[in-house]
Each structure stands twice: as C-alpha cells, then as structure tokens.
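The values are calculated or read from the model by the stated rules, or taken from the named source; none is laboratory data. Keep in mind that this is a model prediction, so the values were computed, not measured. Methodologically, a virtual Cβ is constructed for each residue, glycine included, from the backbone with ideal geometry; neighbour enumeration extends over all protein chains shown.
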Amino acid sequence: MKTKAALLHQPGKDWEIAEIDLGDPVGGEVQVRLAASGLCHSDEHIHTGANTVPTYPVIGGHEGAGVVTRVGPGVTGLREGDHVILAFIPACGTCRPCSRGLQNLCDQGASLLTGLAIADGTYRITVGGRPAVAMCLLGTFAPYVTVNQSSVVKIEQDVPLETVALLGCGVSTGWGSATEIGATHPGDTVVVVGVGGVGINAVQGAAHAGARFVVAVDPVPFKRAKAVEFGATHTYSSMAEALEPLRDITWGLLGDTVILTVGEMEGDLLQEALSLTGKGGQVVVTAIADMTQIDAKVSLFELALLQKRVQGAIFGGVSPRTQIPRLLDLYRRGLLKLDELVTATYKLEEINEGYADLRDGKNLRGMVRYTDVDY
Ligand SMILES: NC(=O)c1ccc[n+]([C@@H]2O[C@H](COP(=O)([O-])OP(=O)(O)OC[C@H]3O[C@@H](n4cnc5c(N)ncnc54)[C@H](O)[C@@H]3O)[C@@H](O)[C@H]2O)c1
Ligand SMILES: [Zn+2]
Ligand SMILES: [Zn+2]
C-alpha cells in the first residue's frame, strides 16, 4: 500500500515527508495502523549521523502503538482489530536469550539497524523503487507499518494507544534502567543523569522501587522541575554540582546506582558518573554514543579497589512480553505516570519542529499523533 512517512535521505538533512510503498505482510508479519509515535533521541542519532544505517533513506521512529489491520500467514495470537504496542527490540521467544528470560537481548535484535525484515531478509519499504530502512525494523514515523510479530506486544483495549505507545521505548528503557538493570532496592540512592523521555522514567522507576534519594541531574530547569513531579528528591544542573551535596546527604556513601540517560553519551561522562558512585555501586549506561566512539575516561584504580561496575543497558533489561503488560497494570493503578510524559504533540508534517524542541530541551516526550489527521 502507499502511505506517507518521515524519512531521512542522508545524515544532517531534515526529515522529509514523502510517499512510501509499504509491503504487505508476509509470513509472520502484521500491518498496524498507528495511533502515535514518540520522538526518541535515538532517531536524532540517525539524523546527526552519530549512528548510521547501511542504506538510505531511512524511515524513522521506533516507539509506537496501534491497531492490527492485516495479518500475514503463519501469525499466531494476533488478529485484525487487536491493540498492540511495538517494542523497538523484537522478542522471538525461542532464541537462547529469550528462553533465559532476557527478551531484550533477543537474537533477532541483530538486524535492528539493517532494515532487513526478520521474515525473509528483504526490505519491507521502498521509496521511488529504492529500498528503505525502517528504524528498528519498525519505522513508526508513518501512519502504517508492516512488522514482524516478534516486535508486537498485544495489549488490552482499555488503555489509550496514543499514550501507551511510550512503552515501546522510552518508558520501558528508563524504568528498567532503574528497576531491572539498576536493581534499585528500598533505601538506595539513585542518581539519574539526563532527564529526557528516558531519564524521567528512570526517576519514576527508582522512586517506585523505594529509593531513599533520587537525584536528578540536568542542565535544563524545566527538566529538573518535572523530575521532582516524578519523584526526584534532589536536583542539580551538572554532575560536578551534584557531587558535594550528594556526599553530604548520603553521609559519604554516594550513589548505589548512577544512570546515564543523557542525549549523547560521551566517554568523559563515565568518570564523572563513577565519581558519584559509592563503593560496590554501578554506573548504568543507557545513553547511546556515536557508533565509532571507543574512548572513555575511567579511573581503573578506583574501578578495581572500590569494586565499582559499569553496566550497559538495552531496553532497560525489560522483557517486552512479560513486563509491558505489568507496566500497563501499574499505569491503570496510578503508579506509573504516562499521560504526564507527553508535553507536546505534533502532526507527522511537524516532525522537524518536534526534534528542534527535543534539542532545545522543551519536552519530556514529544509525540506524533496519527489520530488527529485522516491519513
Ligand atoms: N539503551 C537503550 O535501550 C536506549 C533506548 C532509548 C534511548 N536510548 C538513548 O538514551 C538517551 C536519552 O534519550 P532521550 O530520548 O531521553 O533523550 P532526550 O533528548 O529526551 O533527553 C536527554 C536529556 O539529557 C540532558 N543532558 C544532556 N547532556 C547532559 C549532561 N551532560 N548532564 C546532564 N544532563 C544532560 C538533556 O538536557 C535532556 O534533558 C539517548 O542517547 C538515546 O539514544 C537508549
Ligand atoms: Zn528510543
Ligand atoms: Zn529471541
């Protein structure tokens, strides 16, 4: 079918709205009419070229939810009319990590940035006859997507799709960075560095898990004010500014977990985060760096003698099929804030404005809504 999408012809250019040819679902795939897509910083990395894909154009977007409109052969457990969240990480259920309960490490994730469909290794989208990469095998900057069933989590129909789309990336990633990878315990001190669409959920995850101190660090005053609404006990504009007060309030113990959710990860940030981490504590690296970046500043002496850890995190260590339904349950019970995360909505045509607002620190999460326009 023909539909339109926000696509990028080369790094550095603006997102451009153009007609795309979206393939019909083949074996194991479904087509979904989206209600909304979140504007995550990971697409900004594609825009800047910090992260690249093998061929262009690329259809952006990897945080969506909608209604199944077509079902390909061999699909199990999904039918037309089902409400679904698209998780940016597929979960096949049978590979080694999936069967160990680590769906966020599913082997099918290997093709995330290639654009090659899990089902048959071909491209599902063409633009003017040329193959196009769908970001994270989703490409949610389009009102319709054709995706593998591995990327689809069926949900109950009582929750607003326009909002729960955020569980496809930012909420799960941030919450899980604090609760799963961060393994926050009651009484812990958790420092979240970078309070955007991901970090704000690390703040609310840490608070929910019973952290005594939830310290939010962000240079933007609006983000710091929001962090308090989501459970932060203290806020600072930089890690340097946070160090002394953190030492003071924790009686020298410092952070049990320091979570890096800044827009762009840089090697120098690692040592600053380690300095905020107490003995036996860990730095969780959720933020994504330039793909070619291999240098980092780390006191190796401190790392060994104070038994600190540096821990990466993909999708917050959250298994989409088990934990997205649980997070929805927390939302229903008022224990997980989702509506409050959406600080601006945009039409697809306004996507460059949405990303300008992300760069300017104006949003917790901006959302493209497809329900306001007849696409
Ligand atoms: N690992 C994963 O699974 C995963 C998933 C989604 C996103 N990400 C990554 O997480 C990061 C955050 O994404 P987002 O959508 O929340 O971005 P965002 O732009 O919404 O938020 C980033 C925040 O970091 C703040 N910031 C920037 N530099 C800072 C610094 N030096 N100290 C403190 N704060 C700083 C900004 O003011 C902003 O509020 C990105 O790198 C994104 O690619 C990772
Ligand atoms: Zn994302
Ligand atoms: Zn798997």
### Query
For the subset of region 138-171 comprising residues that are touching a Pro at 6+ places or on another chain (Cβ under 7 Å) and in a helix (DSSP H, G or I), which member is farthest from ligand 2 (Cβ to nearest atom)?
Ser150
### Message
Given the criterion in contact with a His (Cβ under 9 Å, 6 or more places away or on another chain), over 19 Å from Ile155 (Cα atoms) and at pLDDT 95 or above, identify the matching residue among Leu358, Leu348.
### Response
Leu358
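Just the residues that are part of a loop (DSSP other than H, G, I, E, B) and among the aliphatic types (A, V, I, L, M), please, taken from region 20-35.
Matches in region 20-35: Val26 only.
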### Query
Among (1) under 16 Å from Ala165 (Cα atoms); (2) more than 16 Å from ligand 1 (Cβ to nearest atom); (3) in contact with a Phe, Trp or Tyr (Cβ under 6 Å, 6 or more places away or on another chain), where does Asp82 come up short?
(3)
### Query
Just for region 119-137: of the residues that are surrounded by fewer than 24 Cβ atoms within 10 Å (Cβ to Cβ) and in a loop (DSSP other than H, G, I, E, B), which one is farthest from ligand 2 (Cβ to nearest atom)?
Gly129
### Message
Show the residue pairs meeting these rules: Cβ distance below 8 Å; 6+ apart or different chains; first residue within region 282-293 and more than 16 Å from His41 (Cβ to Cβ); second residue in a loop (DSSP other than H, G, I, E, B) and within 12 Å of ligand 1 (Cβ to nearest atom).
### Response
Val284/Ala313
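Test Leu116 against the criterion of being of a type outside the set (D, E, K, R), free of Cβ contacts under 8 Å to residues at least 24 places away in the same chain, surrounded by 18 or more Cβ atoms within 10 Å (Cβ to Cβ) and more than 25 Å from Tyr331 (Cβ to Cβ), and give yes or no. Steps first, answer last, please.
Details: of a type outside the set (D, E, K, R): yes; free of Cβ contacts under 8 Å to residues at least 24 places away in the same chain: yes; surrounded by 18 or more Cβ atoms within 10 Å (Cβ to Cβ): yes; more than 25 Å from Tyr331 (Cβ to Cβ): yes.
Here the answer is yes, as Leu116 does meet what is asked.
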### Summary
Reported set for region 228-248 where residues are without any contact (Cβ under 8 Å) to a residue 40 or more places away in the chain, among the acidic types (Asp, Glu) and more than 13 Å from Thr189 (Cβ to Cβ) is Glu241, Glu244
### Message
Can you tell me how many residues within region 351-365 are near ligand 1 (Cβ under 9 Å from one of its atoms), among the hydrophobic types (A, V, I, L, M, F, W, C) and closer than 15 Å to Gly61 by Cβ?
### Response
1
#### Entry: Which numbered condition Ala202 misses (of (1) in contact (Cβ under 8 Å) with a residue 40 or more places away in the chain; (2) surrounded by fewer than 24 Cβ atoms within 10 Å (Cβ to Cβ); (3) small (Gly, Ala, Ser); (4) within 23 Å of Leu303 (Cβ to Cβ))
(2)
#### Entry: Filtered residues of region 94-107 (kept if surrounded by fewer than 19 Cβ atoms within 10 Å (Cβ to Cβ), in contact (Cβ under 8 Å) with a residue 24 or more places away in the chain and part of a helix (DSSP H, G or I))
Leu105
## Note on the structure
Selection over region 298-320 where residues are more than 17 Å from the chain's Cα centre (by Cα) and assigned to a helix (DSSP H, G or I) yields a count of 6
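With region 226-292 as the region, which strands (runs of 3 or more DSSP E) entirely inside it contain at least 3 residues that are hydrophobic (A, V, I, L, M, F, W, C) and either out of contact with any helix residue (DSSP H, G or I) (no Cβ under 8 Å at 6 or more places or on another chain) or crowded, with 20+ Cβ neighbours inside 10 Å (or both)?
Counting at least 3 such residues, we get 255-260, 277-285.
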### Task
Go through region 36-57 and count every residue that is away from ligand 1 (no atom under 15 Å from the Cβ) and part of a strand (DSSP E or B).
1
### Query
Taking the stated definitions as given, is Arg309 surrounded by fewer than 22 Cβ atoms within 10 Å (Cβ to Cβ), free of Cβ contacts under 8 Å to residues at least 40 places away in the same chain, under 20 Å from Val192 (Cβ atoms) and more than 16 Å from ligand 3 (Cβ to nearest atom)?
yes
